[in-house]
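Peer 1: Sharing a structure with you now.
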Ligand code: HEM
Ligand code: SF4
Ligand code: FES
C-alpha cells in the first residue's frame, strides 16, 4: 500500500487519577506516517506535549507486538480500534485518513477503574485467575512429552483458548461489561486438558463466583466480545463455560 | 456450592431466565393454535368450547398458573440482571460501535421485554381476568350448559382501533425479543454445536421471530376489518 502522511484531530480522555473527574481534550497532530503504529502516533504527541511543558498522556503498553494485552484503548467506539483481531499496538495509522477525528477513551467498566488518562486497573482479571485459573502440580523434572496422551483436536482447542492475553477488550466491548469471554478462555484451556481435570469443578464454580464478586455484568450473548477479541477467542468457549458451571453446580459435593 | 448460591450467580440467574423463556416459547405455539379459532365464522362455537375446556381442565390450569409464575420470574430476574449490567458501566462511552460488533436485536432485549410485560398485563386483564372473575355474557350452543362467550368479548374488543394497535406493537416486541432470545437461551445452556447452530438460529428467526408473531397479529387485524 502507498505510504502517506496525515494530519489528525485527536480527542483524548484525560483524568488525573481514579477519583478525579475526567474530560476530553482535543489535540491536533500533524505529519503522521501511515506506517506508524497507533502507539507510535501517541509517542509523537507525547513528545510534543513534553516539549511544551505539558503532562503527557498516560497509556498502558509493554510488548508492542500484540502479545501482552496491555495496550487498552477504545478508539472511535471500537476496542483496540477499527481492525479485527488486532491490539492497539498492532493497529497501523493506515487505518485512518488525512483529516480524520479520532476519539480515544479508556476501557469503561466499574471493574476496571481508570488509574490515569487511558490507563485502567485490570487487577480484577488477576483475582479471577487466583480463584482457580491454574493447576496444582508437584514440581520436579519435566515429564516425557508423550506420557499423557492428548487428542490433537482437543489440544488445538485448548491452545486456541490459551491464546487469550487478558487484554480486557471483551469487557470493554460488551454492553454489560461482562468478563465471560475471558473467564471462558481461562476455564476452557484447562477443562480440555488432562492436567486440568482434578480441579475442574471447583475451578468453574470459584472463578465465576469471583467474576460476580468483581461486579462484571452477566452475559446476554450479543457476541460483541468475540467480534473485538484480538485473539479471536470463540463464543463456543462461553458455551463450554456454561456447561462446566452447570455440571459442576449440579454435581460438586462441596 | 449450595443451590441457593448456584441460582444467585450470574450464570445461575441466566439459566432461570433461559428456562422460563423457553417454557414461554413452547406455550405461545399452543396459544396461537387455539387463537386461530377466533377467525372461524361459527358464532364462537369452537373457540368458546376450547376456552371452557382450557379453563376447567385441572392439568391445564396448573400449567396456566405455572406460566404466570414463569412470566413474573423471567421478567423479575431479567430486569434485575439488566440493572446490574447497567451498573457495571457507570461511565458510558462517548462513541459506541452500534451494529458493527453486535446485532441490534440483541441489545434491545430489556426494552422489548418491558414492552411485552406491559402488553401481557393489559392482555391478561382484558381477557383472562374477565373470563375467570368478571361478568361476561353466555351462549348456548345446544350443550348441557351455556358457555361463557369469550369469542364475542374478543370480537368487540378488536373493533377498537387502539386495542388492535396495542396488539400489533406487542407482537412486534415479541418478534424482536425472540429473534435473539430463542437462540440466546441455547447458548446459555451451553448448547452450541456447529451441527445444530444453524437450525436453532433458523427456528428462532423464522418460527419464533416471524411466523408466530405475525400469526398472532393477524387475528386482531382481520377481526377489525371484518
Ligand atoms: C411471551 C413472553 C416472553 C418470551 C417467550 C420470552 C423469551 C425469552 C427467551 C427465550 C430469552 C433468552 C434467554 C437466554 O438468553 O438465556 C429471553 C431473554 C430475556 N427476556 Fe424474555 N421472554 C418473554 C417475556 C419477557 C418479559 C415480559 C421481559 C421483561 C420485562 C423479558 C425480558 C428479557 C430479558 C431482559 C432477556 C435478556 C437476556 C438476553 O439478552 O439474553 N422477557 N426471553
Ligand atoms: S478473551 Fe480476547 S478480548 Fe478477552 S481478555 Fe482474552 S484476548 Fe482479550
Ligand atoms: S503493547 Fe502488548 S499487546 Fe499491545
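Every read-out reported here was derived from the displayed coordinates using simple, explicitly stated rules and does not represent laboratory data. All figures in this text were calculated on a predicted structure; none of them were measured in a lab. Neighbour counts are summed over all protein chains in view; Cβ atoms, including those assigned to glycine, are modelled from backbone coordinates with ideal geometry.
Peer 1: How shielded is B:10-18 by partner chains, expressed as the average number of their Cβ atoms within 10 Å of its Cβ atoms?
Peer 2: Details: counts 13, 16, 6, 2, 6, 4, 0, 2, 2.
Counting Cβ atoms of other protein chains within 10 Å of each residue's Cβ and averaging gives 6.
Peer 1: Then there is this: Exposure proxy check: B:56, B:193, A:80 ranked by fewest other beta carbons within 10 Å? Please list the in-between numbers first.
Peer 2: Numbers: B:56 9, B:193 12, A:80 27.
Fewest to most other Cβ atoms nearby, the residues stand as B:56, B:193, A:80.
Peer 1: Ok, one more. Averaged over its residues, how many other protein chain Cβ atoms are within 10 Å of peptide A:174-184's Cβ atoms? Each step should come with its number before you reach the end.
Peer 2: Values: counts 5, 11, 10, 6, 3, 2, 3, 0, 0, 1, 0.
Taking the mean over all residues of the peptide, I get 4.
Peer 1: Can you tell me the FRET efficiency between residue B:33 and residue B:8 if r is taken as the Cβ-Cβ distance and R0 is 30 Å, rounded to the nearest 0.05?
Peer 2: Efficiency at R0 = 30 Å is approximately 0.20.
Peer 1: Let me ask another. How far apart, in nm, are two points set 7 Å out from the Cα along the Cα-to-Cβ line at residue B:41 and at residue B:195?
Peer 2: In this crude spin-label approximation the distance works out to 5.1 nm.
Peer 1: Going highest first, how would you order A:229-240, B:26-37 by mean Cβ packing within 10 Å?
Peer 2: A:229-240, B:26-37
Peer 1: Quickly rank B:92-104, A:15-27, A:200-212 as a protection proxy: mean count of other C-beta atoms within 10 Å, highest first.
Peer 2: Details: B:92-104: 14.6, A:15-27: 12.0, A:200-212: 22.1.
Sorting B:92-104, A:15-27, A:200-212 by mean packing, highest first, produces A:200-212, B:92-104, A:15-27.
Peer 1: Follow-up question, since we're still on this one. Round to the nearest 10 and give me the degree value, 0 to 90, for the angle of helix B:109-123's Cα axis relative to the longest principal axis of chain B.
Peer 2: Once rounded, one gets 20 degrees.
Peer 1: Compute the normalised compactness of the protein assembly as shown: alpha-carbon radius of gyration over 2.2 N^0.38 Å, N being the residue count.
Peer 2: It is 1.20.
Peer 1: D for the stretch B:79-197, whole µm²/s, Stokes-Einstein with Kirkwood Rh over alpha-carbon pairs at 25 °C and 0.890 mPa s: what number? Walk me through the numbers before you get to the answer.
Peer 2: Working: Rh = 18.2 Å.
The Stokes-Einstein estimate is 135 µm²/s.
Peer 1: Where the centroid of each part is defined by its Cα atoms, how far is the stretch B:5-80 from the stretch A:89-130 in Å?
Peer 2: 45
Peer 1: Something else: Cα axis of helix B:45-56 to longest principal axis of chain B: angle in degrees, 0 to 90, nearest 10?
Peer 2: With rounding to tens, the tilt is 60 degrees.
Peer 1: Please compute the contact order of chain A in relative form: average sequence separation of alpha-carbon pairs under 8 Å and at least six residues apart, divided by the residue count, as a percent. Don't jump to the answer; show the numbers that get you there.
Peer 2: On the way: 452 pairs, mean separation 48.4, N = 254.
Computed over chain A, the figure is 19 percent.
Peer 1: Let me ask another. Roughly how crowded by other chains is peptide B:97-105, in terms of the mean Cβ count from those chains within 10 Å of each of its Cβ atoms?
Peer 2: Working: counts 11, 1, 0, 6, 14, 12, 3, 0, 1.
If you average over the peptide's residues, the count of other-chain Cβ atoms is 5.
Peer 1: While we're looking at this one, here's another question. Would you calculate a helix-derived [θ] at 222 nm for chain B, using -39,500 (n - 2.57) for each DSSP H run of n ≥ 4 and dividing by the full residue count, to the nearest 500?
Peer 2: Dividing the helical sum by the residues of chain B leaves -22000 deg cm²/dmol.
Peer 1: May I ask you to sort B:2, A:54, A:116 by Cβ crowding, counting other Cβ atoms within 10 Å and putting the fewest first?
Peer 2: On the way: B:2 9, A:54 12, A:116 19.
Ascending Cβ contact count within 10 Å gives the list B:2, A:54, A:116.
Peer 1: Right, next: Enter the per residue convex hull volume of chain B, computed from alpha-carbon coordinates, in Å³ rounded to the nearest integer.
Peer 2: On the way: hull volume 38.1 nm³, N = 226.
Hull volume normalised by residue count: 169 Å³.
Peer 1: Work out how much length residue B:60 to residue B:132 would gain on full extension: take 0.36 nm times their residue separation and subtract the Cα-Cα distance, in nm to one decimal. Before the final figure, lay out the partial values.
Peer 2: Values: separation 72, 0.36 × 72 = 25.92 nm, distance 1.42 nm.
Between residue B:60 and residue B:132, full extension yields 24.5 nm more.
Peer 1: Taking neighbour Cβ counts within 10 Å as the exposure measure, how do A:112, B:158 sort from fewest upward?
Peer 2: Ordered from fewest to most neighbouring Cβ atoms within 10 Å, A:112, B:158 come out as B:158, A:112.
Peer 1: On a 0 to 90° scale, report how tilted helix A:200-213 is relative to the longest principal axis of chain A, with both axes built from alpha carbons and the result rounded to the nearest 10.
Peer 2: It is inclined by approximately 40 degrees.
Peer 1: Can I get the semi-axes of the stretch A:5-115's equivalent ellipsoid? Compute them from the C-alpha gyration tensor as square roots of 5 times the eigenvalues, in angstrom, largest first.
Peer 2: Values: eigenvalues 83, 65, 34 Å².
Output for the stretch A:5-115: semi-axes of 20, 18, 13 Å.
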